[in-house]
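The values are calculated or read from the model by the stated rules, or taken from the named source; none is laboratory data. For clarity, every value in this text was computed on a predicted model and none was experimentally measured. When we count neighbours, we look across all protein chains shown, and the Cβ atoms used for this are built from the backbone with ideal geometry, even at glycine. The protein model used for the area step is the full one, side chains on, heavy atoms only, and it has no ligands, DNA or RNA in it. Shrake-Rupley method; radii C 1.70, N 1.55, O 1.52, S 1.80 Å.
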Amino acid sequence: RMQMAAITASMVAELRAKTDAPMMECKKALTEADGDMVKAEEILRVKLGSKASKASSRVTAEGIVSAFIDGSTGALIELNCETDFVAKNESFVKLAHDFAERALNFDSKEDFLASDYNGISVAEKLIEQTGVIGEKIEIGAFERIEGPFLGAYIHAGNKIASITSLSANVDGAIDAAKAVS
């Protein structure tokens, strides 16, 4: 008779921290993988991916926009989801901000989606989060801008945003760019 590996709360917490998957899904995956963390991650990725494929035809009419500026480069992305409930979720908002910061390095949405995000592509991260949250998530608008003086404005509710570039070197140009936005 084989001895089953003991699945501890700390193992479940570690897998949850790595994958964002629901706690019970993490426990099931660890049990199925007999405590093997790498195997459990793969089991979860497959399960979350099948959840995501079921959601792929649904409409993402909600979401938020996020902007990030670093010196003379700015990026603006729209992260879409199905409901305003998810759009207001703290982890969803954080993901949008993280994506906007990473988007600074890419000229196109396609290159951004193919880029590395902690060992998986951004596109795979979207699929993973679709499986975790249970709603279709996708990148909508994607813009990158360069200019000497950039300012960003995001309207309350994170639904409307702009980045403005000014070329004149006047006192307060960055504040002026924000005001114009």
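Observations on the structure shown:
- Lone unmet requirement of (1) modelled with pLDDT under 95; (2) farther than 14 Å from Asp70 by Cα; (3) open to solvent by 20 Å² or more (accessible area, probe 1.4 Å) for Thr130: (3)
- Filtered residue count, segment 60-75, keeping only those that are over 24 Å from Gly151 (Cα atoms) and surrounded by fewer than 16 Cβ atoms within 10 Å (Cβ to Cβ): 1
- Against the test of being under 12 Å from the mean Cα position of the chain (by Cα) and surrounded by fewer than 18 Cβ atoms within 10 Å (Cβ to Cβ), the options Glu78, Glu138 yield a single qualifying residue, Glu138.
- Scope segment 1-15; condition under 25 Å from the mean Cα position of the chain (by Cα) and either within 14 Å of Lys47 (Cβ to Cβ) or modelled with pLDDT under 80 (or both); matching residues: Leu15
- Given (1) modelled with pLDDT of 95 or more; (2) assigned to a loop (DSSP other than H, G, I, E, B); (3) open to solvent by 70 Å² or more (accessible area, probe 1.4 Å), index of the condition Ser57 fails: (1)
- Scanning segment 88-118 for residues that are within 13 Å of the chain's Cα centre (by Cα) and of a type in the set (Gly, Ala, Ser) yields Ser91, Ala96, Ala100, Ala103, Ser115.
- Count of segment 18-35 residues which are open to solvent by less than 80 Å² (accessible area, probe 1.4 Å), at pLDDT 80 or above and under 27 Å from the mean Cα position of the chain (by Cα): 4
- Taking first residues from segment 134-146 that are over 13 Å from Leu113 (Cβ atoms) and partners that are in a strand (DSSP E or B) and open to solvent by 40 Å² or more (accessible area, probe 1.4 Å), the Cβ contacts under 6 Å between residues at least 6 apart in sequence or on separate chains come to Ala141/Glu78; Ile145/Ser165.
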